[in-house]
1. Tell me which residues, restricted to the range A:58-77, are part of a loop (DSSP other than H, G, I, E, B), of a type outside the set (D, E, K, R) and surrounded by 22 or more Cβ atoms within 10 Å (Cβ to Cβ).
2. For the range A:31-52, give me the residue count where each residue is more than 25 Å from the chain's Cα centre (by Cα) and modelled with pLDDT of 85 or more.
3. Condition first: within 15 Å of the chain's Cα centre (by Cα) and of a type in the set (Phe, Trp, Tyr). Can you find one or more residues in the range B:164-185 that meet it?
4. Given the options A:245, A:279, name the one that is under 16 Å from residue B:159 (Cβ atoms) and either modelled with pLDDT under 90 or more than 14 Å from chain B (Cβ to nearest Cβ) (or both).
5. Out of all the residues in the range A:284-302, is one or more basic (Lys, Arg), within 30 Å of residue A:153 (Cα to Cα) and over 25 Å from the mean Cα position of the chain (by Cα)?
6. Output the number of residues of the range C:148-171 satisfying the condition of being farther than 22 Å from residue C:108 by Cβ and surrounded by fewer than 19 Cβ atoms within 10 Å (Cβ to Cβ).
7. Among the residues of the range A:87-110, is any under 18 Å from residue A:312 (Cα atoms), surrounded by fewer than 18 Cβ atoms within 10 Å (Cβ to Cβ), of a type outside the set (Phe, Trp, Tyr) and over 18 Å from the mean Cα position of the chain (by Cα)?
Amino acid sequence: MADLEDRIRESQRMGIQIAKESEDDRLMTLSVGPQHPGSGHFRFVVKLDGDYIVHCDPDPGYVHRGEEKMCEYRNFIQNIPHLERPVIHDSTNITYSYSLAVEELTGIQVPRRGQFIRAIASELNRQIYTLYWLAIYGIFLGHSTMFMWPAGDRELFIDLMEALTGARVTHAFNIPGGVRNDIPNGFKDKCLRQITYYEKRLKEYEDIFYNNPLVRQRTEGVGILTKEDAINLGVTGSVLRASGVPYDIRKAEPYDVYNEIDFKVQYMQTADSFARAYVPFLDMRESCHIVRQLLDKMPESGEVRAKLQANPRGPPGEAYRRVESGRGALGYYIISDGTPKPYRVKISVGSFRNMLALPHLLVGAKMGDMPVIYWALNYWPVEADR
Amino acid sequence: MILPTHSQDSYDRYYMVTIGVNNTKPWPLLLPIYATRQIQLSNSTYRSSSNSPPTDIVGRPSPPSKPALSPEQDPVAFEKGIAGEILVKFGQLAHIIFIKHLRIKIAVEPSNIIRLATYLRDRLGFDHAESVTGTDYPKDNQVEVVYHLGSYTRQDLAGQVISVATRTNRDDPTLPSLIGVYKSVEYHEREIFEMLGIYFEGHPRNERFLLPEDWADIPPLRKEFRIKGR
Amino acid sequence: MLKELINPAQFNIMVGKLGDVLVKALDKPLGYAINWGRIWSLWPVHLETACCSVEFGAASSPRYDVERFGIIEAFGSLRQCDLIVVQGTVTRKMAPRLRMVYDQMPDPKYVIAMGACAITGGLYVDSYNVLPGVDGIIPVDVYVPGCPPRPETLIQGTMLLQEKLKVSKIK
């Protein structure tokens, strides 16, 4: 009897202790740190209540290399190599925007053939970037074939860019005034052959990945970002277009020759992670059409680059130009004070803007959905940190 | 949106507010600077000629002696309409710095910026802030913050970017935060806080964001912060 | 005869000669076998520091397959890895984490510094947040130059590491 009473008293004491446990003790803080079996160099701290995320706090800056400060110590042409490193595999787009802004500041006119070549390189780079993004998405979901196939197909596009520019990823191809060199012989045929082969491959991707029941189950209905939230949070790129807003800089503010190209803005209305994964795929298909039209309409001959002085400079002023890159609107705001070096360069990247959607979407989601939501936001940490 | 008529009167009305004509000068320190900058802040299409008076305003399609161009011939008629609406509402509080194709820049005092931003969001339809830039001007002893606002919802405003600029003193700078108006400026303002040292009132977290935790130097984007070796 | 061998001087010589025989018989083949195992199963930690990670990812692609060298990319924890490839720029914020990751790896561990930024700071050497080279924090075995190094260069760097391991002693 005595020990039963003891046991009752003991359990009552324990019961009271359990009830007095504070809220903070129940939550577990997990630091999804710069080293984890997924993409690296971005850290966010989540607080977990069991399996549900209740709070998320991103902590970028692990690859902050001070690009904007370094721009002020180099002149306009010297800035190109280090400005293309933030998104090294989409480097034509990030220097495209810079070249457009500098051309507006200095008043350089780009010859027509140069504009076409720039647009072709930009579209090919968009494919290269999106394929890498899809490859990593495959790894995140555990679909290793989806890593191997896009990574392999990407090599064929990299071959094209290597024939065009001489380097695999860091092209340094766009300069203020045009492109560095003309396209080699036989490039047009190689490009068309590659696009034809690639359109067949896109159907296969759809079969193994987008129609895969496991992928669908994991991504459909997960992380819904409504249209009002998407507009309020100021997200851009495929994240915005997956939430039902058909906004594409190539249509809203056509730069170079995009007002002569006929293409449709791809968007979806469902606003979940599947839509955010599918819109880049639709963009890639549209991009194939764009490249075909560009190759058709390109003038047969002509200059590809304006005549440049050694230190191009313009009157004091400012310019804000944007380009649609793989992640969204990539804008450059350059203030010049009349010297060959810019006074201030501000890079407005899609990843930094989309980062705001990460705490918004993760709160309330399960921990197992975290890789799906995180990578569907098209977030490239090196670019966000600049 | 009502476009003002393109008469000479309306041009004078827009541009009269900027330099020296009004007696109330909310920007005493800045008027001379903006005056000089306006001659230079021109792109190639709107470069003012050398014999024009120093109060000639960039964006004006023709010198004062010629008649104004009709809307079909004026490439920035739409932008001028938007600027006109803003000036009708805000009068002397908003200064138009330049009007270019698809780009308008407005300068306001820090105390009026929330009102202007709310007006732009609710009445004109600029529903998100694309990016926020901070610049250091040690020569004027000021720091400037520029908000670039865009519109996703209105089709006719697609591609328009309005830049709203405020300036404040360089030593101990504080500015009101626009986070109540545009939620998208949260991380941008935090970055400007750590890079330039500007404190945003109303922002929930004025903290270090991209820099290392043990950063013990002055804010890096200030002009006196020299990169080593240069 | 045994009595003559057991006296101290002769015993030492016999033990010494026995030791040589054992070293030649066991240590070298055993060491060769252990080194062979280590060389062909270098598992890298998934620590992409910056832009060179794209070329490392391309090296795992079907064209420049590093899996045939035993370098498998995606796996679980870093406690079962023995290679750390510092891909790209190491910033001041990342440096303590890099050291923590290196400390948590079990011995024997090897380091490949990939890219110009990991060797000397590269293109970003005058930035305020970038370390001029990673060999101030962790001991580097192989330097792979390039900006970014082509996947073939990375594979050549791995083969150099393999050569280094072939002649190393077992601990």
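The values are calculated or read from the model by the stated rules, or taken from the named source; none is laboratory data. Here the structure is a predicted model, which is why all the values come from computation and not from measurement. When we count neighbours, we look across all protein chains shown, and the Cβ atoms used for this are built from the backbone with ideal geometry, even at glycine.
1. A:60, A:61, A:62, A:63, A:64, A:66, A:76 - these are the residues of the range A:58-77 that are part of a loop (DSSP other than H, G, I, E, B), of a type outside the set (D, E, K, R) and surrounded by 22 or more Cβ atoms within 10 Å (Cβ to Cβ).
2. 3
3. There is no residue in the range B:164-185 that is within 15 Å of the chain's Cα centre (by Cα) and of a type in the set (Phe, Trp, Tyr).
4. Details: A:279 fails: under 16 Å from residue B:159 (Cβ atoms).
Just a single option satisfies the conditions, and that option is A:245.
5. Start the filter on the range A:284-302 by keeping residues that are basic (Lys, Arg), which leaves A:285, A:292, A:297.
Still in the running and within 30 Å of residue A:153 (Cα to Cα): A:285, A:292, A:297.
When the remaining residues are screened for being over 25 Å from the mean Cα position of the chain (by Cα), the result is A:297.
Within the range A:284-302, one or more residues are basic (Lys, Arg), within 30 Å of residue A:153 (Cα to Cα) and over 25 Å from the mean Cα position of the chain (by Cα).
6. Going through the range C:148-171 one residue at a time, the tally reaches 3.
7. Yes, the range A:87-110 has at least one match.
Quick grid of which residues meet (1) crowded, with 21+ Cβ neighbours inside 10 Å; (2) facing another protein chain (nearest Cβ under 9 Å); (3) touching a Cys at 6+ places or on another chain (Cβ under 9 Å); (4) at pLDDT below 90:
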| position | (1), (2), (3), (4) |
| --- | --- |
| B:156 | no, no, no, yes |
| B:180 | no, no, no, yes |
| B:188 | yes, yes, no, no |
| B:202 | no, no, no, yes |
| B:210 | yes, yes, no, yes |
| B:213 | no, yes, no, yes |
